[in-house]
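Scroll down for the structure; my scribbles are underneath it.
The values are calculated or read from the model by the stated rules, or taken from the named source; none is laboratory data. Owing to the predicted nature of the structure, the values given are computational and were not obtained by experimental measurement. Here the Cβ positions follow ideal geometry from the backbone for every residue, glycine too, while neighbour counts run over all protein chains shown. These accessible areas exclude ligands, DNA and RNA; they are computed on the full protein's heavy atoms, side chains included. Shrake-Rupley method; radii C 1.70, N 1.55, O 1.52, S 1.80 Å.
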Number of protein chains: 2
Amino acid sequence: MAMSKCNRLCGSLIGELLDSIENVLFDCDGVIWRGDQAIPGAPDVVNSLKKNGKRVFFVTNNSTKTRRMYADKLAKMGFSATEEEVFGTAYCSAMYLKSTCKLKGKVYLIGSNAMKQELLNVGIEQVGAGPDPITGVQIDWANVPLDAEVKAVLVGFDEHFSYMKLNRALQYLSNTECIFVGTNTDTRLPLEGGKAVPGTGCLLKAVETAAQRTAQVVGKPNRFMFNCLSSQYGLDPAKTLMVGDRLDTDILMGSNCGLKTLLTLTGVSTVADATEHQKSGCPERLGMVPDYFVESIAELLPALQG
Amino acid sequence: MAMSKCNRLCGSLIGELLDSIENVLFDCDGVIWRGDQAIPGAPDVVNSLKKNGKRVFFVTNNSTKTRRMYADKLAKMGFSATEEEVFGTAYCSAMYLKSTCKLKGKVYLIGSNAMKQELLNVGIEQVGAGPDPITGVQIDWANVPLDAEVKAVLVGFDEHFSYMKLNRALQYLSNTECIFVGTNTDTRLPLEGGKAVPGTGCLLKAVETAAQRTAQVVGKPNRFMFNCLSSQYGLDPAKTLMVGDRLDTDILMGSNCGLKTLLTLTGVSTVADATEHQKSGCPERLGMVPDYFVESIAELLPALQG
């Protein structure tokens, strides 16, 4: 049934799906963990997939950690994982600037120390990380000092985001040759108890509005993260499963790249969200309908250990 | 000729237009001054209009000054003007919260000390003005301290805008009963030499994106500023001329309120911009076509002094 989508993944379907794939890409928050707690059973799922000969990767829009930091967090929670299996937007945006843009020059970074570190790891210098306080009483905003070697502006999550940084980004981006990259467009970071804090998408929207330009976005749902991974490991999309909790990022990227897609209900999106996309008949929304869904990835465990 | 729009205002047309109106509303920056320099002849135009019995008002989206500060700036440049003739968004947003929203409670203010002052002038307390620095190493963003008396979030120009403020606004606005108001949506403040700095529209877009809500905007092109003025002075729209340099704010508000409209070319928009709107045939864009245009408001002078 070629048209069948959004199926509950259960019974013999689980084994059939697992037999048909070689690679599994997991989003992290809401999929294998929530905040600092592993989803019950998730480490066993990941470790069993590997024992069954599958290649496993971790693909996250979160830009606040380096690959090293992710590998440490994964290990602490009992996941068998290496740095090289982690594709976060801190690493991927550095790779994008290096490999795709062939950047010669520095980056003006609105982002975390982790992003600074990943840029350094590929040999790119940055200015901008950390606080950028207002000094003095009267600031000549249009003539703030700029670094002439800056050839790109990169926007990721930055708790030190400020009017000063927004203004510097505008001044750099007034040069139309200045490259403009964003890690991701997630507007909120959902937290336990229905709470949320502003996501990188808010900061990026402010910079895009000021600069009157649109950033090249590296994170899901854009293809770049999968391309980056695939260029290193040579994945066959048809034999790759993307597992995520968000329809508009994880599942859409999977669809965009021709992967099989699995929605897990331990995070943001619901089955009702998916069926609404499906019913809409709108071609752009069909990419947000997953092939399968599970309550939790723990449901894969019996088939893996059977 | 009912359909005739975007006419060069010259010759006898000037006197005819002036005879047909009782009130003139001037935008400020780009119209009567540029930065700290009066447009040559502008003070004479304003003062002569008054001598000829016209009522003159100053209507600006800029939220960084109180009415008092505007009156002082006008006087210094030689304009005959009183506080009561100034309708800026600092004053108008305070009036909006007071009169339209009937706010009982405090405002969380992303904005200037001038906005704080105008709120106080109508008896509204605010929290938020000034820097809101990050203290400590690890911040529990979703649980930052909030003021339980805050019943509205107001966003204007704020050089201390920061992730902390964006986050606080999100937390307040998570309560759907919290009122959400923005002064204006101008995305850039244009400066001399083709330079620009980020405008309030960038900050408002960030807060709207984080809160997943749309602000009620007080400034032009919205009707509220004219309504506010008209409720105090009883203006007849058909006998009122709006003079501005921006099609998307000044001229559009004029059209929205049934005023006569005059574009002056000493600021942002050009005649070419106006004719493009006119040619588009698009109903939403026709409101951005002025009735008349002049190179500078100084061109009104001979008719006033004749």
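So, taking all protein chains as they sit and a 1.4 Å probe, how much accessible area belongs to B:VAL137, in Å² rounded to tens?
Using a 1.4 Å probe on the heavy atoms, I get roughly 130 Å².
To the nearest 10 degrees, how steep is helix B:67-76 against the longest Cα principal axis of chain B, on a 0 to 90 scale?
40
So if we plug the beta-carbon distance of B:LEU13 and A:ILE134 into 1/(1 + (r/R0)^6) with R0 = 41 Å, what FRET efficiency do we get, rounded to 0.05? Mind showing how you got there, number by number?
Working: r = 49 Å, r/R0 = 1.19.
Efficiency, from the Cβ-Cβ distance: 0.25.
Hey, if you put +1 on the Cβ of every Lys and Arg and -1 on every Asp and Glu Cβ in chain B, which of B:LEU263, B:PRO133, B:GLN37 ends up farthest toward the positive end of that dipole?
B:PRO133
Please check: in the Gaussian network model of chain A (C-alpha springs, under 10 Å), which one of A:ASN184, A:ASN256, A:ASN61 has the largest mean-square fluctuation.
A:ASN256
Which aspartates and glutamates, if any, have their Cα less than 16 Å from the Cα of B:LYS106, not counting same-chain residues under 8 positions apart?
In chain and number order, the partners are B:GLU118, B:GLU125, B:ASP147, B:GLU149, B:GLU177.
For the Cα atoms of chain B, what angle does the longest principal axis make with the long axis of helix B:42-51, in degrees from 0 to 90, nearest 10?
Once rounded, one gets 70 degrees.
For A:VAL217, list long-range residues whose amide hydrogen, built 1.01 Å from N in the peptide plane, is under 5 Å from its own amide hydrogen.
A:GLY182
Give me a comma-separated list of calculated 3J(HN,Hα) values for region B:7-17, in order, Karplus coefficients 6.51, -1.76, 1.60 applied at θ = phi - 60°, integers in Hz, x for any Gly or Pro.
Karplus-based 3J(HN,Hα) across region B:7-17 equals 8, 4, 8, 7, x, 5, 4, 4, x, 4, 4 Hz.
What are the lysines whose alpha-carbon lies under 29 Å from the alpha-carbon of B:LYS73, with same-chain residues fewer than 8 places away excluded?
Of all the lysines, those that pass the test against B:LYS73 - Cα under 29 Å, at least 8 places apart if same chain - are B:LYS50, B:LYS51, B:LYS54, B:LYS65, B:LYS98, B:LYS116, B:LYS195, B:LYS220, B:LYS239, B:LYS260.
How many angstrom lie between the C-alpha centres of region A:1-64 and region A:116-156?
Computed from Cα coordinates, the inter-centre distance equals 38 Å.
Compute the label zone of A:GLN278 within region A:8-41: residues whose backbone N is under 17 Å from the point 7 Å along Cα-to-Cβ.
A:8-11, A:13-14, by backbone N distance to the label point.
Amide H to amide H under 5 Å from B:SER80: which residues, 5+ apart in sequence or cross-chain, H placed 1.01 Å off N in plane?
B:ASN47
Just add up the charged neighbours of B:VAL127: K/R +1, D/E -1, any other residue whose Cβ is under 12 Å from the Cβ of B:VAL127.
Counting the neighbours of B:VAL127, the net charge comes to +1.
Give me P(r) over the protein assembly as shown, computed from all C-alpha to C-alpha distances, binned every 10 Å, as integer percentages.
3, 15, 22, 21, 17, 11, 6, 3, 1, 0
Pick from A:GLU125, A:GLU192, A:GLU177: which residue has the top mean-square fluctuation in a GNM of chain A where Cα pairs under 10 Å get a spring?
Of A:GLU125, A:GLU192, A:GLU177, the Gaussian network model singles out A:GLU192 as fluctuating most.
Would you give the gap between the C-alpha center of region B:235-306 and the C-alpha center of region A:231-288, rounded to a whole Å?
Comparing the Cα centres of region B:235-306 and region A:231-288, I get a distance of 49 Å.
With contacts defined as alpha carbon pairs under 8 Å and 6 or more residues apart, what's the relative contact order of chain B in percent?
In percent, rounded to a whole number, it is 22.
Note down the net charge around A:THR64, summing +1 for each Lys or Arg and -1 for each Asp or Glu among other residues with Cβ under 10 Å from its Cβ.
Value of the local net charge: -1.
Less than 18 Å apart at the alpha-carbon level, and either on another chain or at least 8 residues along: which aspartates and glutamates does that give for B:LYS76?
Correct list for B:LYS76: B:ASP27, B:ASP29, B:ASP36, B:ASP44, B:GLU84, B:GLU85.
Per residue of chain B, what 222 nm ellipticity follows from adding -39500 (n - 2.57) for every DSSP H run with n ≥ 4, rounded to the nearest 500?
My calculation for chain B gives -9000 deg cm²/dmol from helical runs alone.
Skipping prolines and chain starts, which residues have an amide H placed within reach, meaning under 5 Å, of the one on B:TRP33, given they are 5 or more residues away or on another chain?
Placed amide hydrogens put B:ILE39 under 5 Å from B:TRP33.
So what's the angle, to the nearest 10 degrees on a 0 to 90 scale, between helix B:163-173 and the longest Cα principal axis of chain B?
90
Could you state, as a whole-number percent, how many of the C-alpha pairs of region A:41-199 are farther apart than 25 Å?
Counting pairs separated by more than 25 Å, the tail of P(r) holds 40 percent.
Can you work out ³J(HN,Hα) from phi for every residue in region A:206-222, in order, using Karplus 6.51 cos²θ - 1.76 cosθ + 1.60 and θ = phi - 60°, giving whole Hz and x for Gly and Pro?
The phi angles translate into 4, 5, 4, 5, 5, 7, 6, 9, 10, 6, 7, 9, 7, x, 4, x, 5 Hz.
Using 0.36 nm per residue of separation minus the Cα-Cα distance, give me the extension gain between B:GLU22 and B:ASN113 in nm, one decimal.
Answer, rounded to one decimal: 29.3 nm.
Using θ = phi - 60° and the Karplus curve 6.51 cos²θ - 1.76 cosθ + 1.60, what whole-Hz ³J(HN,Hα) does each residue of region B:131-137 get, with Gly and Pro shown as x?
Working through the residues one at a time gives x, 9, x, 6, 10, x, 8 Hz.
Do any chymotrypsin sites (Phe, Trp or Tyr not before Pro) in region B:29-99 lie in a DSSP loop with no more than 14 other beta carbon atoms within 10 Å, and if so, which?
Loop-located and lightly packed - none at all.
Tally Lys and Arg at +1 and Asp and Glu at -1 over the other residues with C-beta under 10 Å from the C-beta of B:MET115: what net charge comes out?
Values: positive: B:LYS65, B:LYS116; negative: B:GLU118, B:ASP158.
Here the count lands on 0.
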